[in-house]
1. Loop-only check: which chymotrypsin sites (Phe, Trp or Tyr not before Pro) in region 145-204 are DSSP coil with at most 16 other Cβ within 10 angstrom?
2. Skipping prolines and chain starts, which residues have an amide H placed within reach, meaning under 5 Å, of the one on Val36, given they are 5 or more residues away or on another chain?
3. Just name one of Gly32, Pro97, Ala171: the one whose Cα is farthest towards the positive end of the charge dipole of region 2-217 (beta-carbon charges, Lys/Arg +1, Asp/Glu -1).
4. Going by alpha carbons, how many degrees (0 to 90, nearest 10) lie between the helix axis of 125-142 and the longest principal axis of the chain?
5. With angles folded into 0 to 90 degrees, how steeply does helix 146-160 sit against the dominant principal axis of the chain? Use alpha carbons for both and round to 10.
6. Place a point 7 Å from Cα of Glu118 in the direction of its Cβ. Which residues in region 142-181 have their backbone N less than 18 Å from it?
7. If you work out log10 I(q)/I(0) by the Debye sum over Cα atoms at q = 0.08, 0.15, 0.18 Å⁻¹ from the coordinates, which of [x] -0.45, -1.07, -1.29; [y] -0.42, -1.01, -1.20; [z] -0.30, -1.05, -1.45 do you get?
8. Calculate the FRET efficiency for Tyr90 and Ser142 from the Cβ-Cβ distance with a Förster distance of 45 Å, rounded to the nearest 0.05.
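Read-outs throughout are calculated quantities, based only on the coordinates presented, and are distinct from any laboratory measurement. In this text, all values refer to a predicted model and were calculated from it rather than measured experimentally. Every residue, glycine as well, gets a Cβ built from its backbone with ideal geometry; the counts of neighbours run over all protein chains shown.
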Amino acid sequence: MNLAIETNQVESVFLLTEESIRDLLRRGVSEGMVAVLPQSSLRDSSKIKNILNDTLAAYKILSELCDDLTSLDSATICRIHSCLMKTCRYGDLNYVPAGKTRTETRKTVIVSGAYKIECCPFPDVDKELEYICKMAKQWIKSWRNPFATASWIHLVLVRCHPFEDGNGRMARLLASIPLMNHGYPPVPIGLTHRAEYYAAINKVRNLFGNLCRDMLGNGK
């Protein structure tokens, strides 16, 4: 339950009070109290509970995936995304096609930072996602360091950005596979570590931008 709360809070899907978090952890989603902080953009308690249930259901699929890595493919990833975004797909001003990759929605994503970096072009997303699945299965089976494998999975999924929204939650979820297979808990990123987490992601993005700039500048 704590993982379901944290992975949504780090994306500011909702922001709960400490009392509410303790009550949800103690009594569960159905009976727990939902109380949000003043800065929470989402305030509907029933919707927040639905999102928590969606997230828990997505992590249940993840547990099954850990038991059978052969099912790690783009279709399974889309099924997890569809489950994760079942409630979140309906925003106030936008709609997120749950379980649909950007190849299907034909959506271009550009990340702004020190340099503007275009994520995987939408015509190539499905092919890139299949490649990520193929390599992830190989590395999970062969690498001895599950933390390195988890970092790689998170990095390439964030860079690919296969969906219009929910990519961070998906990256943390799927990066948990090598950790769980070695007896560790899933990737936890709480609010207290949010600044460091996003700083690390931006650092990698900027390093990639610098590399591209240097290569182009040197004519390589």
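1. On the way: sites: Phe147, Trp152, Phe163, Tyr197, Tyr198; in loops: Phe163.
Filter output for region 145-204: empty list.
2. For Val36, whose amide H was placed from the backbone, the distant partners under 5 Å are Thr17.
3. Selected residue: Ala171.
4. 80
5. Taking Cα atoms only, the helix is inclined about 80 degrees.
6. Flagged as within label range: 159-164.
7. Label of the calculated value: [z].
8. Numbers: r = 41 Å, r/R0 = 0.91.
Rounded to the nearest 0.05, the efficiency is 0.65.
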